[in-house]
């Protein structure tokens, strides 16, 4: 089978297409034949070395497809089941991948493979951000960075569905209309607007900021919070946040800071499936639409990474094996 592998860290050119043996599932594992593969910003972190991998390695964490074989002791899946995953061991950029059964979710009939591969990781991220890390309530106004990204487009729609007003930020004027079409009440251009002042003027301070940009927006995000507000730092697209003294949080209003990850929210098969079912329900109801705006062949994984990292993409990006 074909699979993308990396032998060293670096730019998109380190992604290599190789012929590898189809793996066999061990006890508790399932072999999934991929129909669509999700491309996420965390993949660029793995490829660049920001998040360490043992090399050589596969890459990718998300895909959807069909169960092709099962290992011993697997009782909740059978050959032919439609499934998806996004918290499995690295290696999704392949025509087939062995996944622990505990990391798989079953797909309802109304969710196609492309939607699942494009939306599972991003959608589960939004689920825990909006409903668990800080449980938003109708009538609140929140700030969500990267509003035109894959996570941001889902967040705007889901927040609107929950009755929440959302201020979003984007990297260019070209993305403003897209964010507005996905539920955002106000969209600010980070490169041009005095976004901190605009947020403060509009709200007097928000109860929560969701920030996946990192270094470039971190301190400004703190300044957008009202006293005792929560800063949710969940990504580093502009680079890692510089070290700082915890005293900064008290100086800016006795603020709270959290750095959540999906793995801790979806720590059990039951929690993972429940979160996925919540996501699939809002998709099936039409409240959240997954925008698959870029599709590449598996053989063009380098092009997909180059487009993602240069911020040329909107919505979700998938690979087709």
So residue 143 ticks every box in (1) modelled with pLDDT of 95 or more; (2) part of a helix (DSSP H, G or I); (3) surrounded by 15 or more Cβ atoms within 10 Å (Cβ to Cβ) but one. Which box is left unticked?
(2)
Checking residue 237 against (1) in the same structural domain as residue 11 (by TED's automatic domain parsing); (2) closer than 27 Å to residue 16 by Cα, the condition it does not meet
(1)
Go through (1) within 21 Å of residue 2 (Cα to Cα); (2) outside any loop (DSSP other than H, G, I, E, B) one by one and return the number of the condition residue 61 breaks.
(2)
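Per-residue answers, yes or no, for (1) touching a strand residue (DSSP E or B) at 6+ places or on another chain (Cβ under 7 Å); (2) at pLDDT 90 or above; (3) loosely packed, with under 15 Cβ neighbours inside 10 Å:
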{"site": "232", "(1), (2), (3)": "yes, yes, no"}
{"site": "246", "(1), (2), (3)": "no, yes, yes"}
{"site": "255", "(1), (2), (3)": "yes, yes, no"}
{"site": "265", "(1), (2), (3)": "no, yes, no"}
{"site": "272", "(1), (2), (3)": "yes, yes, no"}
{"site": "290", "(1), (2), (3)": "yes, yes, no"}
{"site": "299", "(1), (2), (3)": "yes, yes, yes"}
{"site": "302", "(1), (2), (3)": "no, yes, no"}
{"site": "305", "(1), (2), (3)": "no, yes, no"}
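Listed here are the residues, each with its yes/no results for (1) under 22 Å from residue 119 (Cβ atoms); (2) in contact (Cβ under 8 Å) with a residue 24 or more places away in the chain; (3) in contact with a helix residue (DSSP H, G or I) (Cβ under 9 Å, 6 or more places away or on another chain).
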| position | (1), (2), (3) |
| --- | --- |
| 11 | no, yes, yes |
| 22 | no, yes, no |
| 46 | yes, yes, no |
| 61 | yes, yes, yes |
Give me the strands (runs of 3 or more DSSP E) completely within region 74-120, filtered to those with at least 2 residues that are surrounded by fewer than 21 Cβ atoms within 10 Å (Cβ to Cβ), ordered by residue number.
96-100
Mind checking whether some residue in region 195-209 is within 21 Å of residue 315 (Cα to Cα) and assigned to a loop (DSSP other than H, G, I, E, B)?
no
Looking across region 161-176 at residues that are in a helix (DSSP H, G or I) and without any contact (Cβ under 8 Å) to a residue 40 or more places away in the chain, the single one that is nearest to residue 312 (Cα to Cα) is 174
Mind checking whether some residue in region 67-78 is at pLDDT 95 or above, in contact with a helix residue (DSSP H, G or I) (Cβ under 7 Å, 6 or more places away or on another chain) and closer than 26 Å to residue 14 by Cα?
no
Within region 19-42, which residues are more than 16 Å from the chain's Cα centre (by Cα), crowded, with 17+ Cβ neighbours inside 10 Å and assigned to a loop (DSSP other than H, G, I, E, B)?
25
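The values are calculated or read from the model by the stated rules, or taken from the named source; none is laboratory data. It should be emphasised that the depicted structure is a prediction, and the values quoted were computed from it without experimental measurement. Note that we place each Cβ from the backbone using ideal geometry, even for glycine, and neighbour counts take in every protein chain shown.
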